[in-house]
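Contents: one structure, followed by commentary.
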Amino acid sequence: MLQFDEKADRVVPPTGFTARLTVFSSFAMAFLAVFALALSLAAGRVAERWGDELAQSSTLRISAPAGEGVTQTEAALRVLRTTPGIVDARALTIDEQRALLTPWFGADIPIEDLPLPQLIDITETDEGYDAAGLRLRLAAEAPAAVLDDHARWRRPLIEAASRLRILGWASILLIATASAAMVTLAANAALAANAQVIAVLRLVGAKDTYIARAFVRRFALRSLTGAAFGTLVGIVALVLIPSRGDSAGFLTDLSIQGWGWVWVILIPPLSGLVAFIATRFAARRVLEELA
Amino acid sequence: MLRHNNAGNRGRDKTAVIELENVAYSYGGGELLTDMTLSVAPGSFHFLTGPSGSGKTTFLKLCYGALQATAGHVRLFERDVRGLGRDDVAILRRKIGVVHQDCQFLDHLPVTENIALPLSVSGQDTSGAGAEANLKELLAWVGLTARGDALPPELSGGERQRAALARAVIMSPDVILADEPTGNIDWEMSQRLLTLLVELNRMGKTILVATHDLGLIRAAKAQVPTRVLRISNRRLQMAGADL
């Protein structure tokens, strides 16, 4: 259907607002699709990063009465080191705990005078540990220990990132649908405006497939051209957004990386395909009506 | 049933190229044509007359499959049009050249490309040396050699008719249907067009011309055997000797 045929291409009058409408709408939709894709891919990366970073670490907090802190910390460390699924367990030093508080209280905080809990950093294996079993053992050996496996606050973050990713893909789907609707409208208008062309072609023995092909090919190529420009401009715009590297959040990490480029490269041909299907559908319907 | 053969024709099998059997056509609740039966033999030359609005154009459209009869059977080259899909009708139409009074063209294409359009839509070569030579010969035959690069809106009425005739015959169709081909042109040009139609008939083509122009009919009768049909009161009749 898209095979190049110069003679067939020439039977459709070359200009008109439908041509500009198709090129412009495909340009705009491809531009938006690049951003939706970048958002979706960035959300996916963030969800993955948060999941990986937090899934294999936990924190144990020991808020023991004065004099029992050291004893319960040692007991807790013994329990942790004999728990399957835990690679390492290490009590944070005074300096490390001070560093954690410095952003909020400043560097001069007299941490030795504060009744701060002792923190133990736990590193897990890939398989993780049995949190419920560990809590039971800790309750017996170090009753002041509170296990925080990060699940409580990690889950909503990952869910939010996952939803953003889904939102991005849903946006791409909506963009494709809107693009198809616009191309269908433009094709309908073009076919209706060229009723005389269709009548002449039928008079000289043209099959419906020949007539449809002339319109379908033209609209698909226009859409492909518009989408190619839209994608290119979208990429340039993404590149111009300042990046802050790995520590950046969504807004400063809207870049395309690795396999994501495959999706970007697919935007123009997919746009052409959408236009092809939409115009073919419109052409068949209009030719049926004009028969 | 009326069976019209060209008396002076070339003695080959006279299987009908167009056959109507009890055909009727209704439009908007009223019957425009009724009980029409006709068999057009290959190589014959027919005129179709009748008052304005009598259904001559509709009759011709039935004869090239542009309209479907609401009753009866239309057979083109022995194939019943009713059972055919649109693509099948399109293929049959390549064997029938049609010239309308308001000949329509693709106004953005030059005359040569418009004339070659039937070749293009049927997938035949139009750019080879042989095809271009044939096209030049055809342009010369209709007297449009100097107007090949012109766009259709730039042509006069007579030039448009001749271009339409050239387009109608480029596929070397078996049948040529013309609907009021001289309606918009002067007498001299209509005689020139008739000469072309007569030449085609002498080459064995079947000609059916719908016209009001009695002078054209008389001129044709002087050159080739012709038959005249008349649509009157929605029915098809043989015309009288007064023509």
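Every number here is computed from the coordinates shown, using simple stated rules; none is lab data. Quantities reported herein were computed from a predicted structural model and do not represent experimental measurements. Positions of Cβ are backbone-derived with ideal geometry, glycine not excepted, and every protein chain shown enters the neighbour counts.
This ranking places B:174, B:87 by how few other beta-carbon atoms lie within 10 Å of each, fewest first, which gives B:87, B:174. Note: relative contact order over chain A, using C-alpha pairs below 8 Å and six or more positions apart, is 35 percent.
Charges were assigned to the Cβ only: +1 to each Lys and Arg, -1 to each Asp and Glu. The resulting dipole of segment B:99-172 about its Cα centre is roughly 180 debye. Magnitude of the charge dipole for chain A, about its Cα centre and with charges confined to Cβ atoms of Lys, Arg (+1) and Asp, Glu (-1), is about 2280 debye.
For segment B:99-172, rounded, prolate or oblate, judged on the Cα gyration tensor with a ≥ b ≥ c (square roots of eigenvalues), a/c < 1.5 rounded, else prolate if a/b > b/c? Judged from the Cα gyration tensor, segment B:99-172 comes out prolate (a/c at least 1.5, a/b above b/c).
From least to most packed, judged by other beta carbons within 10 angstrom and beginning with the fewest, B:193, A:240, B:33 follow the order A:240, B:193, B:33. For segment A:64-143, the square roots a ≥ b ≥ c of the C-alpha gyration tensor eigenvalues yield an a/c of 1.5 or more together with a/b not exceeding b/c, which makes the shape oblate. Using Cβ point charges alone (K and R +1, D and E -1), the dipole size of the protein assembly as shown about the Cα centre works out to roughly 3120 debye. Pop the C-beta distance of residue A:112 and residue A:61 into the FRET formula with R0 = 22 Å and round what comes out to the nearest 0.05. Computed FRET efficiency for residue A:112 and residue A:61 comes out at 0.75. Would you mind computing, in nm to one decimal, how far apart the modelled labels at residue A:70 and residue A:262 are, each placed 7 Å from Cα along Cα→Cβ? Label-label distance for residue A:70 and residue A:262, simple model: 5.9 nm. Considering only B:166, B:187, B:153, the residue lying farthest towards the positive end of the dipole of segment B:143-205 is B:166, judged by Cα position with unit charges set on Cβ. Against chain B, whose longest principal axis is taken from its Cα atoms, helix B:187-202 shows a tilt of about 80°.
Give, as ranges by residue number, the residues of segment A:113-132 whose backbone N falls under 13 Å from the point 7 Å along Cα→Cβ of residue A:92. In segment A:113-132, the label zone of residue A:92 (backbone N under 13 Å from the point 7 Å along Cα→Cβ) covers A:116-122. Between the Cα long axis of helix A:151-193 and the first principal axis of chain A there is an angle of about 10°, rounded to the nearest 10. Taking a Cβ cut-off of under 10 Å around residue A:161, the surrounding Lys, Arg, Asp and Glu residues balance to a net charge of +2, with basic ones at +1 and acidic ones at -1.
Which of rounded, prolate, oblate describes segment A:138-259, given a ≥ b ≥ c as roots of the alpha-carbon gyration tensor eigenvalues and a/c under 1.5 marking rounded, otherwise prolate only if a/b is larger than b/c? Judged from the Cα gyration tensor, segment A:138-259 comes out prolate (a/c at least 1.5, a/b above b/c). Peptide B:119-129 has a mean shielding of 4, counted as Cβ atoms of other protein chains within 10 Å of each residue's Cβ.
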